[in-house]
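Remarks on the structure that follows.
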Amino acid sequence: MKNFLKGFSLCFSLFIFFILGLISTKIYEYLINKDEIVIEQTIEVEKRLNYDSYISTPKFTMTKQLSIKENLNENEKNEIEELFSKVLERVKESNLCEGGSYILQPNIAYQDGMNIPNGYKFDSALRCEFKKEEYQNYKNLLKDIDNILANNEYITINSPALNLSVSKEEISIIKQELYDEIFKKAISIKDKYSNLTNKICEIKSIKHYELAQNQILGADYKYDDTPIEKDSDFKLNATLELTCK
């Protein structure tokens with residue numbers, strides 16, 4: 001019985017010491033942290049975009065003659081197919097564009113509950129994406145297409161809009177440069193507040209927020225002229241949180 005009481009007393013004493021130690025630790029942490037300052041600040045950085053690519057979507061449609069033609073025989077349909085095949089062959093040779101499937105079908109008008117043929121519809125489009133240094137090749141492609149379609153009675157090309165674009169590789173490089181700039185600014189802000197508060201400030205977190213960017217912009221353009229580029233910036237925000245003790 002005595003041994004039991006001695007063991008119980010020892011365990012109880014150890015428990016009390018543990019509780020007192022825990023309380024002392026919490027009191028110490030409170031005394032240490034009660035003068036802690038938490039600072040939040042927004043950092044915004046930006047960099048001029050380097051547009052290194054162009055995007056364009058040339059479209060093909062029917063001529064006025066085809067739009068009012070009442071009927072196409074097999075020879076005429078074959079003629080249209082051969083004509084557009086020449087266009088696609090030149091497109092493939094350029095390695096600048098993709099696409100080119102087309103629709104050739106009669107237009108149907110509805111009048112007095114009846115279907116009335118009303119000419120034919122031709123519809124097709126390309127998607128062209130190329131580097132700035134390939135711009136002359138693109139101009140040559142469009143001129144060659146014009147020559148292929150010259151004097152035909154079926155297909156015409158609509159002058160395409162040309163858009164400035166930034167490649168994924170360029171965006172990745174710009175982002176990394178902006179991340180580095182944000183970190184440098186965070187270090188500078190940390191040092192500034194260490195001096196202002198006469199405390200030791202540390203970076204607790206940096207949260208980045210990419211602002212909405214339009215990576216494709218329109219350009220004033222005619223395909224026999226040089227596109228006029230428009231300036232734009234890529235912006236990146238971050239929320240900096242500091243603790244100063």
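The values are calculated or read from the model by the stated rules, or taken from the named source; none is laboratory data. It should be emphasised that the depicted structure is a prediction, and the values quoted were computed from it without experimental measurement. Heads up, the Cβs are rebuilt from the backbone with ideal geometry, glycines too, and the neighbour counts pull from every protein chain shown. Just so you know, the surface numbers come from the protein's heavy atoms only, side chains and all, with ligands and any DNA or RNA stripped out. Shrake-Rupley method; radii C 1.70, N 1.55, O 1.52, S 1.80 Å.
When you count, for each residue, the other Cβ atoms within 10 Å and take the mean per peptide, how do 48-58, 91-101, 167-177 rank with the highest first?
48-58, 91-101, 167-177
Past the 23 Å Cα-Cα mark, which pairs from 47/185; 143/168; 47/204? Walk me through the numbers on the way to the answer.
Values: 47/185 15 Å; 143/168 30 Å; 47/204 26 Å.
Over 23 Å Cα-Cα: 143/168; 47/204.
To the nearest 0.05, what FRET efficiency results for residue 68 and residue 95 with a Förster distance of 41 Å applied to their C-beta separation? Mind showing how you got there, number by number?
Details: r = 37 Å, r/R0 = 0.90.
FRET efficiency, residue 68 to residue 95: 0.65.
Under the 0.36 nm per residue contour assumption, what length would be gained going from the current alpha-carbon distance of residue 146 and residue 245 to full extension? Kindly include the intermediate steps, with their values, before the conclusion.
Working: separation 99, 0.36 × 99 = 35.64 nm, distance 7.30 nm.
That works out to 28.3 nm of additional length.
I'd like to know which of 102, 80, 65 lies farthest towards the positive end of the charge dipole of segment 64-109, counting +1 on Cβ of Lys and Arg and -1 on Cβ of Asp and Glu.
With unit charges placed on the Cβ atoms, the residue in question is 65.
Express in Å², to the nearest 10, the accessible area of residue 42 obtained by rolling a 1.4 Å probe over the protein heavy atoms while all chains stay in place.
Roughly 90 Å² of residue 42 is accessible to a 1.4 Å probe.
Among the aspartates and glutamates, which fall within straight-line cross-link reach of residue 175, defined as a Cα-Cα distance under 13 Å, with same-chain neighbours fewer than 8 residues apart omitted?
44, 46, 210, 233
Please give the length that would be gained between residue 156 and residue 195 if that part of the chain were fully extended, namely 0.36 nm times their separation in residues minus their C-alpha to C-alpha distance (nm, one decimal). It would help to have the intermediate numbers written out before the result.
Numbers: separation 39, 0.36 × 39 = 14.04 nm, distance 7.09 nm.
Contour length minus Cα-Cα distance gives 6.9 nm.
May I ask you to evaluate 6.51 cos²θ - 1.76 cosθ + 1.60, the Karplus curve with θ = phi - 60°, for each residue of segment 157-174 and list the ³J(HN,Hα) values in order in whole Hz, giving x for glycine and proline?
9, 8, 4, x, 7, 10, 10, 6, 9, 10, 5, 4, 5, 5, 4, 4, 5, 5
Once amide H atoms are built 1.01 Å from N in the peptide plane, which residues 5 or more positions from residue 50, or in another chain, come under 5 Å H to H?
Long-range HN contacts for residue 50: none found.
First compute the accessible area of segment 88-138 with a 1.4 Å probe, then give the percent of it belonging to carbon and sulfur atoms. Before the final figure, lay out each step's value.
Values: 1540 of 3470 Å².
Solvent-exposed carbon and sulfur of segment 88-138 make up 44 percent of the total.
With θ taken as phi - 60° and the coefficients 6.51, -1.76 and 1.60, list the Karplus ³J(HN,Hα) couplings across segment 189-200 in order, rounded to whole Hz; mark glycine and proline as x.
Rounded to whole hertz, the list is 5, 4, 5, 5, 6, 5, 6, 5, 9, 6, 10, 8.
Indicate the gyration tensor shape class of segment 122-185 (rounded, prolate or oblate), computed on the Cα atoms with a ≥ b ≥ c the square roots of the eigenvalues: a/c under 1.5 is rounded; otherwise a/b larger than b/c is prolate and the rest oblate. Intermediate results must be reported in sequence, preceding the final value.
Values: a/c = 5.75, a/b = 3.43, b/c = 1.68.
Cα axes put segment 122-185 in the prolate bin.
Given labels modelled 7 Å from the Cα in the Cβ direction, how far is it in nm from residue 111 to residue 46?
Spacing of the two 7 Å Cα→Cβ label points: 5.8 nm.
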